[in-house]
Every structure is written in structure tokens, then in C-alpha cells.
Amino acid sequence: MYWMDLSGGDLTFYRDLLGWHPADDGVFTVDGQVVAGHGAAGGPGWNLHAVVDDVAATCAAVSRHGGTVVAEPGSSAVVTDPAGATFVVREGRVADLVNKPMAFSWAELCTPEFAGARSFYSAVFGWGLVDITMEMPAATVDYTVFLAGTAEAGGVMPAEGAFGPATPPYWLAYVEAADTDKLAAHTAELGGTVVVEPFDVPRIGRIALLAGRSGETFAVMQMP
């Protein structure tokens with residue numbers, strides 16, 4: 001996943017929290033660099049996008065492997081995997097700034113169909129699979145990292161993940177934080193919600209689940 005896009009929501013919240021400036025052409029920028037998008041229909045919610053060479057061919061693969069194409073493909077298309085997790089496939093623009101503080105850093109699928117998700121995304125995108133375990137606060141859980149070539153493209157965990165049961169399954173966008181605790185406190189000050197208080201995942205980082213003033217959720221993670 002290479003892009004996060006806000007449907008609905010309060011754009012000024014992300015300006016005040018993350019320093020993201022909403023531009024008229026549907027993007028957020030930091031120092032002139034694009035970090036995310038805004039203005040998609042529906043919501044409020046954050047959408048995760050996978051950038052592909054051919055949207056129509058990718059949609060055909062989604063259908064062939066048991067997913068659903070929600071609308072006829074153009075330069076982008078909304079699709080779901082076989083378990084119902086929604087994401088977007090698109091051609092073209094990607095973020096200028098990623099894997100830096102206050103920028104998109106990770107995409108994570110939490111699903112009750114863990115084995116099926118591994119097979120589906122590998123088949124549709126040609127992603128490699130790297131299996132690891134992660135020590136969550138409640139238990140150690142299985143986790144698979146998706147690889148696009150040698151680059152990490154995101155991850156998937158079973159339904160009982162970091163933030164509770166995945167009902168329905170969902171893709172979650174992460175923003176890298178310089179200080180997770182300060183960002184969580186600032187979220188509350190700005191009228192957002194700290195859905196899950198900051199916690200540590202050994203070797204991974206310090207994570208919190210937050211929501212904007214309109215209720216859309218996203219995660220933040222401070223690297224070790």
C-alpha cells in the first residue's frame with residue numbers, strides 16, 4: 001500500500017495535529033511534499049491505496065481470486081478482498097514523503113481470514129510473504145509481512161490483533177510519530193479521540209490508535 005486518502009473528515013484537524021496542509025488539488029503537503037490525499041467520496045474514513053501498473057488487469061485478478069470490484073475500474077477502483085476488507089487500487093501518483101515522522105509509514109490488514117488473506121494478496125499483487133511473530137500486550141500473535149520485490153508493502157495479522165477483533169476486517173493506515181504519547185495527548189486536546197492508549201510492541205515500536213474529530217481512525221507508531 002502506497003497511499004492514504006481521507007474521505008470526509010475535518011482537514012484542519014490533520015493540519016493542527018500533523019502539520020499536514022490541505023491543498024486545493026486533493027492532497028496534504030508538508031514543506032511542499034505530498035504526504036496523503038483527501039476529498040474522496042463517502043467517509044469519514046481513511047482509505048489505503050495500492051499503486052499498480054494496470055487497474056483493469058488488477059481488478060480482473062481481484063475477481064478471479066474471490067474478491068469484489070465495487071465499481072467499474074478507471075484510473076482507480078474500490079475493491080474488497082474475499083473477507084470484505086476494502087482498499088483502493090490506482091495508477092499514478094504516490095506520496096513524496098513516506099517512512100518519516102508525520103508521514104505514512106505502514107499499512108496493516110486485520111482479518112479473521114488470515115490464511116486466505118495471505119493467499120489472496122500474494123496472488124493478486126505477486127507479493128512475497130515473510131512470516132514472523134509479534135509480542136502484543138495480550139499475547140504473541142502470528143504476523144505476515146508482504147513484500148513487493150524487496151520492499152515491505154504492508155502486513156496482515158489475525159482478527160485478534162493489536163486493537164481487538166476485526167469485525168469486519170479492515171486495512172489500517174499508520175503514520176510515523178516522533179513521540180507517540182505526545183501525539184496521543186495532542187489528539188485529545190484537538191477534539192479527537194485516543195481509541196487505544198499508547199503501548200509498546202518489542203522490536204517494533206510504540207503504537208496508539210487515534211481518531212479524528214469526525215471519528216475516522218488511524219494508527220501512529222514511534223520507531224524504537
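We did not get these values from a lab; they are worked out from the coordinates using the rules stated. None of these values were measured; they are calculated from a predicted model. No Cβ is skipped: glycine too gets one built from the backbone with ideal geometry, and neighbour counts run over all protein chains shown.
Ordering of 170-181, 84-95 by packing is 170-181, 84-95, highest average first (other Cβ atoms within 10 Å, averaged per residue). How charged is the neighbourhood of residue 42? Take every other residue with its Cβ under 15 Å from the Cβ of residue 42, and add Lys/Arg as +1 and Asp/Glu as -1. For residues surrounding residue 42, the net value is -2. In the chain, the calculated helix contribution to ellipticity at 222 nm averages -5000 deg cm²/dmol per residue, counting -39,500 (n - 2.57) for every DSSP H run with n ≥ 4.
Here the range 3-222 is assigned +1 on the Cβ of each Lys and Arg and -1 on the Cβ of each Asp and Glu. Its dipole about the Cα centre then comes out at about 160 debye.
Stretched out straight at 0.36 nm per residue, the stretch from residue 130 to residue 70 would grow longer than its current Cα-Cα span by 18.7 nm. Paramagnetic label reach from residue 56 (point 7 Å along Cα→Cβ; backbone nitrogen cut-off under 18 Å): within the range 92-131, residues 92.
For the chain, the Cα gyration tensor yields ellipsoid semi-axes of 25, 22, 15 Å (square root of five times each eigenvalue, largest first, whole Å). A Förster radius of 30 Å combined with the Cβ-Cβ distance from residue 181 to residue 147 puts the calculated FRET efficiency at roughly 0.45. When you restrict to C-alpha pairs under 8 Å that are six or more residues apart and normalise by the size of the range 3-222, the relative contact order lands at 19 percent. Where both residues lie in the chain, what percent of DSSP beta bridges are antiparallel, nearest 5? Here the share of antiparallel DSSP bridges comes out near 80 percent.
At an R0 of 22 angstrom, the distance between the Cβ atoms of residue 12 and residue 33 translates into a FRET efficiency of 0.65. Taking the charge dipole of the chain about its Cα centre, with +1 at Lys and Arg Cβ atoms and -1 at Asp and Glu Cβ atoms, the residue from 119, 38, 185 reaching farthest to the positive side is 119. Look at where the Cα atoms of the range 135-162 and of the range 168-186 average out, and the two centres are 16 Å apart.
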